[in-house]
Every structure is written in C-alpha cells, then in structure tokens.
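The values are calculated or read from the model by the stated rules, or taken from the named source; none is laboratory data. Everything numeric here is computed off the predicted structure, so don't read it as measured data. Cβ coordinates were reconstructed from backbone atoms using ideal geometry, including for glycine residues, and neighbour counts include every protein chain displayed. Just so you know, the surface numbers come from the protein's heavy atoms only, side chains and all, with ligands and any DNA or RNA stripped out. Shrake-Rupley method; radii C 1.70, N 1.55, O 1.52, S 1.80 Å.
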Amino acid sequence: MKLTKRISFFVPALGLALAACGAPAAEVDRSGDFYLALPRVEVALDDNGTPSIAGLSPDAVRTLTFGLVDLSQYSVGKDWVDYLKSTGVQHIELAFHGKGAFIYANGKQLPSIRLSDESISTIGDVAETVTGIFAPGFEGYASLAKRFLPLARSLGLGLVIRVPSNGAPEIPLRDPKATSPAPSAKPGDDSVLVRLVVDYDMKGVPSVAGISVSELEQLFGLDLTLLKLDPGFVRLLMDRGIQHISVRSEGDGMALALNDKPLPNLVCNQDCLKNTSEVVVALNTYPEFSIVNDLVKQFGPSLSSVNAELALRFPPAPGSQRIPLPFGSGN
C-alpha cells in the first residue's frame, strides 16, 4: 500500500506534464551543470473558488493520491472570485525564468523584477548581513540560501490562474514566444528631476544638505523622532560595511543598489505603467477611495518621465574608505 501511495503522487505530475505538452519551456540560463525549464501550468478556479490543475478536479486528485493531496484547501472563496469577475480580470500569470520574475494580468505586463548574476550575488550578501542583524543565530540558513540563489537563473517556472468568465469575450493568454519590445533605458523628457541624499550620523540623526533633523526640531518645535534611527542599528550597519542604500528611477523601472553593488531591478516601462494604472482602477471598486482612481489615471502613466534618486547614507566604519554612491551620481 505504501508503494502504491508513493506511486500515486506521480499521477498528478504526469497529468501536468501531459497537459502542458506543446507549450514552450521557460527561458533559462543553460550554460551550467544544472537547469530546469518547465512550461507554464494553468490553475482554473470555479465559481466557488475551488482550483483544478491541468483539468484534474480536486476530487480526482484526492482519489489518485488516496486522500493525501487535497486541492480544496487552496480554495480562494466565492467572494473573491465574484470580486475578480466584476473587475474583468480573466487570468493572472506569474512567470519566473532566467531574466527575472514577471507578472501579467489579462496578458498585460505589470511591475516585475529583473535579475542579473551580480544582483543575485548581492542578494546573497544582503541575506547574510540582514540575518545577522534581525535574526541572529540563523546565519547558517542565510549562507545556504546564498549558495542556492545563483540557481535561480537556471530555473524556469510559469503559473496561470484563470478566473471564471463573467460573460465578456475571452482574452487570450500572453504568447510566451512573442518578443517583448525593448524598453528605453532612460526617460525621454524628464518632467520631474529630484535627488535626495539623507546622511545619518552615529546617533542615527538624519540630515539633508547639511541641515539636520535636530536643527529643524529646535527651530520649528517639531517632533521628528520617527525619522531617526536607533544608534545601535547604525553601528550594526557600520560593522557590516553598509555605507548606503540607493534607489533611482529609470525609463523602464527602478534600479536599487547596496553600496556600489546592484540589487534586482523593478521593471515597469511606460506601457507597463499604463497597464498597472488600468488594473489598479479596475480593482479599486470602493466608492470612498474613488479619488485614488482619479490620481492613478492622471499621473500613473506619466511616472516614467520622473527622474528621481534617493540614497540613505551611513557613517563608514573606522579605517574604511568612503564608497562612492552608485549610478554615477557623485559622492
């Protein structure tokens, strides 16, 4: 019986593989000793929010696995299905492959994450650093994660969640073979230019352009405690060599960096901003927040013309040299 139960777990997997036959495998880095590229899998919700995978109903999967796998526990609820149907969302796709993690609603791209070998390496370094600060004693898990993170570039997975139709014409899924237009690397005409470098001292007090929060408190009688950091936290950052955290808007999204090392980018060009604005407006069906829809419709698509940079800078450790800010924006 035990052998039969173990074998039964392969039946749903076989069903998924057969259902995905003919679909292209995800794009991954195939230069190393390991890669795994799978076609996308479709999960369909019924009107009650119960999922079925590759045409296998929860009852079928439960029978095939002798009751050990129960898909009904992943039901999202009828209220959520009714809500999504009312917004016109027919399918949501999550695609993870060698270039990053991408999200699509009704085949239109939403803000996504772009990966590179260097940014993945930086994530591993950040994981080790952050674990030591916020979860001491678990550094071993961070080191293990750092070893496995590079494999992300060699892993391709795709998931489509289908919502029951509300009677509207069916919207086709995104064609994974279609070549996406290359986004512009910089904004075309900048409508807003802004740069803000916030310097923290050893006591965790921030200042901008030489004007500290403490001075503002004294001059205007304000309480700006929320803007300050704990001195112990600042010392931890110094001990781990973190001198600054930076983010900069670009024509196709936002670039992030730790010291002078890049982190994964948030990708969203002008078309993506337009798609995102439409999705936000469709999902926000609450009358009391209707003003949010007006702001999103008016300003959302134009964010690609905003050229902004923010950097949080901390004191260097004793004996350390100051690391220049990234993005070629000065020290």
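Structural remarks
- Taken as a whole, segment 279-295 holds no residue that is under 27 Å from P150 (Cα atoms) and not in a helix (DSSP H, G or I).
- Pairing each residue of segment 290-311 that is over 30 Å from P326 (Cβ atoms) and open to solvent by less than 30 Å² (accessible area, probe 1.4 Å) with any residue that is aromatic (F, W, Y) and part of a helix (DSSP H, G or I), provided the two are 6+ apart or on different chains, yields no C-beta distance under 6 Å.
- Segment 55-86: number of residues that are touching a residue at least 40 places away in the same chain (Cβ under 8 Å) and part of a loop (DSSP other than H, G, I, E, B): 5
- Residue match in segment 141-162 (condition: within 29 Å of E42 (Cβ to Cβ), over 21 Å from the mean Cα position of the chain (by Cα) and among the hydroxyl-bearing types (S, T, Y)): no
- Taking residues in segment 261-273 that are in contact (Cβ under 8 Å) with a residue 40 or more places away in the chain, and partners anywhere that are assigned to a helix (DSSP H, G or I) and open to solvent by 30 Å² or more (accessible area, probe 1.4 Å), the pairs with Cβ atoms closer than 6 Å and at least 6 places apart or on different chains are P262/E118.
- Test result for S207, part of a strand (DSSP E or B), out of contact with any Lys or Arg (no Cβ under 8 Å at 6 or more places or on another chain), more than 22 Å from L110 (Cα to Cα) and open to solvent by less than 60 Å² (accessible area, probe 1.4 Å): yes
- Candidates L283, L263, filtered to the one that is at pLDDT 90 or above and buried (at least 16 other Cβ atoms within 10 Å of the Cβ): L263
- Within segment 211-244, the set of residues being part of a loop (DSSP other than H, G, I, E, B) and crowded, with 20+ Cβ neighbours inside 10 Å comprises I242, Q243.
- Looking across segment 96-152, the residues that are in a helix (DSSP H, G or I), surrounded by 15 or more Cβ atoms within 10 Å (Cβ to Cβ) and not aliphatic (A, V, I, L, M) come down to S119, S121, T122, G124, D125, E128, T129, T131, G132, K146, P150.
- Residues that are farther than 30 Å from V89 by Cα and hydroxyl-bearing (S, T, Y) within segment 109-134 comprise S116, S119, S121, T122, T129, T131, listed in sequence order.
- T131 meets all of the listed conditions (1) over 30 Å from N275 (Cα atoms); (2) touching a Phe, Trp or Tyr at 6+ places or on another chain (Cβ under 8 Å); (3) at pLDDT 85 or above but one, namely (3).
- Of all residues in segment 171-179, at least one satisfies being in contact with a His (Cβ under 8 Å, 6 or more places away or on another chain) and modelled with pLDDT of 85 or more.
- In this structure, V247 does satisfy being of a type in the set (V, I, T), buried (at least 16 other Cβ atoms within 10 Å of the Cβ) and not in a helix (DSSP H, G or I).
- Against the conditions (1) within 17 Å of G100 (Cβ to Cβ); (2) part of a helix (DSSP H, G or I); (3) without any contact (Cβ under 8 Å) to a residue 60 or more places away in the chain, M254 satisfies every one except (2).
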